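Accompanying notes for the structure given below.
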Amino acid sequence: MAAYIVVQIEITDPETFETYRAQVPATLEPYGGEFIVRGGDMEILEGEWAAPRCVILKFPDMDAAKAWQASPEYEGPMALRQTSANVNMIVVDGIDAD
């Protein structure tokens, strides 16, 4: 079953964040990850959203998503992100499409 990483992002250092952003796609490939949403216009329809940017990543399963987030490939880019943005990140299972 597919799993999704959902990220709320508030960018605090745009220049460093752009370096991070350029490095991430290559880290996803070995884990079968792909972007579903990567920023873009966003409108809150109900409630509150903690940050002005949203990213959604799709992986083949929960294990692949967690392996990517903890991977040596993502370690360097993650350090850049941690110094250039405030982030909330979750991983959630999708549903089986019957």
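The values are calculated or read from the model by the stated rules, or taken from the named source; none is laboratory data. Please read all numbers here as calculations on a predicted model, not as lab measurements. Backbone-built Cβ (ideal geometry, glycine too); neighbour counts: all protein chains shown.
Show the residue pairs that are 6+ apart or on different chains and have beta-carbon atoms under 9 Å apart, the first residue being within the range 37-48 and more than 17 Å from Ile5 (Cα to Cα), the second being hydrophobic (A, V, I, L, M, F, W, C).
Once the first residue is more than 17 Å from Ile5 (Cα to Cα) and sits in the range 37-48, its partners that are hydrophobic (A, V, I, L, M, F, W, C) give Met42/Trp49; Met42/Cys54.
Every residue, every condition in (1) among the acidic types (Asp, Glu); (2) at pLDDT 95 or above, yes or no:
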{"residue": "Gly32", "(1), (2)": "no, yes"}
{"residue": "Glu43", "(1), (2)": "yes, no"}
{"residue": "Ala50", "(1), (2)": "no, no"}
{"residue": "Arg53", "(1), (2)": "no, no"}
{"residue": "Leu57", "(1), (2)": "no, yes"}
{"residue": "Pro60", "(1), (2)": "no, yes"}
{"residue": "Trp68", "(1), (2)": "no, yes"}
{"residue": "Gln82", "(1), (2)": "no, yes"}
{"residue": "Ala85", "(1), (2)": "no, yes"}
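List every residue pair whose Cβ atoms lie under 6 Å apart, where the two residues are 6 or more positions apart in sequence or sit on different chains, the first residue falls within the range 1-23 and is farther than 16 Å from Ile36 by Cβ, and the second residue, located anywhere, is part of a strand (DSSP E or B) and not acidic (Asp, Glu).
Qualifying pairs under 6 Å: Glu10/Asn86; Ile11/Ala85; Thr12/Ala85; Phe17/Ile11; Phe17/Ala85.
Counting only residues that are among the β-branched types (Val, Ile, Thr) and closer than 25 Å to Ala2 by Cβ, how many does the range 49-85 have? Full working, then the answer.
Pass one, the range 49-85, residues among the β-branched types (Val, Ile, Thr): 55-56, 83.
Now narrow it down to the ones that are closer than 25 Å to Ala2 by Cβ: 55-56.
Matching residues across the range 49-85 total 2.
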